[in-house]
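These notes are about the structure you will find just below.
The values are calculated or read from the model by the stated rules, or taken from the named source; none is laboratory data. Quantities reported herein were computed from a predicted structural model and do not represent experimental measurements. With ideal geometry, Cβ positions are generated from the backbone for all residues, glycine too; neighbour counts draw on all protein chains shown.
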Amino acid sequence: MSTKTFALLQLLAVTILYNHVHATSPIKTIVVVVMENRSFDHMLGWMKKLNPEINGVDGSESNPVSASDPSSKKISFGSGSHYVDPDPGHSFQAIREQVFGSNDTSMDPPPMNGFVQQAYSEDPSGNMSASVMNGFEPDKVPVYKSLVSEFAVFDRWFASVPSSTQPNRMFVHSGTSAGATSNNPISLAKGYPQRTIFDNLDDEEFSFGIYYQNIPAVLFYQSLRKLKYVLKFHSYGNSFKDHAKNGKLPAYTVIEQRYMDTLLEPASDDHPSHDVYQGQVCFPLFLFIL
């Protein structure tokens, strides 16, 4: 997720506001689904096979086992990603090592040569290093393959903050993590204070709604905890299909997929080590309903 994400959503929201006033476009509703922030090369890099213009991968890419040793063994990038893979390091410190190969951040551009090294530090068996140097063949993620084939794909898309899940998710609807660089449980429980796109829409008296499958992560924003917003939250299973069928979806609609496994249903957010197949099952259901 990135500041580009927020800027794009703000632009689309402004388009909705303008169109509601001037009635110049058939676009009345934007539906936002944000999957987990895996790397582009890992999830979509091999889509270059479908379209050579995509800035993806071709298998010539590699990383050394030791970024400080010029003669170190290298591991090449492959196409053998599994639906269930281990969760690689994604703290601020881990990503710094992955991007720069050390704690020295002076190199410009960064060498991007520490992914294998950092993975080995977490898992000396080598299983994780093999995992981080692999991506999905297009046929393994057929929903994304179809979307890439039929629509646009952004191949210069960067995380807003080189850090954990929630700071990046903060950027989606607010354009900032409010300084957060980790999933700090105390701060998340307290809530983050920044203004969000939801506040902007509410000020202009335009509708928004959050359809959650188990936990609405937008509640990490303090402002979404206001009593006046309580009716903006809907159980996905009980409401989304009915609202879509009857044309009742809000102008800005957010789907919060399952972020954790439960006894009844598995997670569907693509966060490793969650099963990517479940995301491939869940995502087309959203599209079918719409």
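Conditions tested, residue by residue: (1) more than 30 Å from GLN222 (Cβ to Cβ); (2) at pLDDT 95 or above.
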position: GLN98; (1), (2): yes, yes
position: ASN103; (1), (2): yes, no
position: VAL116; (1), (2): yes, yes
position: PRO124; (1), (2): yes, no
position: ASN127; (1), (2): yes, no
position: GLU137; (1), (2): yes, yes
position: ALA159; (1), (2): no, no
position: GLN166; (1), (2): no, no
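Output the qualifying pairs, or none if there are none: Cβ atoms under 7 angstrom, residues six or more apart or on different chains, first residue in segment 124-150 and within 13 Å of GLY279 (Cβ to Cβ) and in contact (Cβ under 8 Å) with a residue 12 or more places away in the chain, second residue among the β-branched types (Val, Ile, Thr) and assigned to a helix (DSSP H, G or I).
Close Cβ pairs (under 7 Å, with a partner that is among the β-branched types (Val, Ile, Thr) and assigned to a helix (DSSP H, G or I)) amount to VAL141/VAL276.
Does segment 85-143 hold any residues that are of a type in the set (Asp, Glu) and within 23 Å of TRP46 (Cα to Cα), and which are they? Break it down into steps so the answer makes sense when it comes.
First, the residues of segment 85-143 that are of a type in the set (Asp, Glu): 85, 87, 97, 104, 108, 122-123, 137, 139.
Correct list: ASP85, ASP87, GLU137, ASP139.
Answer yes if at least one residue in segment 90-101 is assigned to a helix (DSSP H, G or I), under 21 Å from the mean Cα position of the chain (by Cα) and hydroxyl-bearing (Ser, Thr, Tyr), and no otherwise.
Within segment 90-101, none of the residues are assigned to a helix (DSSP H, G or I), under 21 Å from the mean Cα position of the chain (by Cα) and hydroxyl-bearing (Ser, Thr, Tyr).
Can you give me the number of residues within segment 188-208 that are closer than 12 Å to TYR229 by Cβ and assigned to a strand (DSSP E or B)?
1
Would you point out the residue of segment 9-56, among those that are among the charged types (D, E, K, R) and part of a loop (DSSP other than H, G, I, E, B), that is modelled with the highest pLDDT?
Taking the candidates together, the pick is GLU53.
What residue, among those in segment 57-88 that are outside any loop (DSSP other than H, G, I, E, B) and not β-branched (Val, Ile, Thr), is farthest from the chain's Cα centre (by Cα)?
Within segment 57-88, the first condition is being outside any loop (DSSP other than H, G, I, E, B), and the residues that meet it are 62-64, 74-76, 78, 80.
Of the ones still in play, those that are also not β-branched (Val, Ile, Thr) are 62-64, 74, 76, 78, 80.
Details: SER62: 24, ASN63: 24, PRO64: 27, LYS74: 29, SER76: 25, GLY78: 22, GLY80: 21 Å.
Here the answer is LYS74.
Of all residues in segment 216-243 being surrounded by 12 or more Cβ atoms within 10 Å (Cβ to Cβ) and of a type in the set (A, V, I, L, M, F, W, C), which is nearest to SER177 (Cα to Cα)?
PHE220
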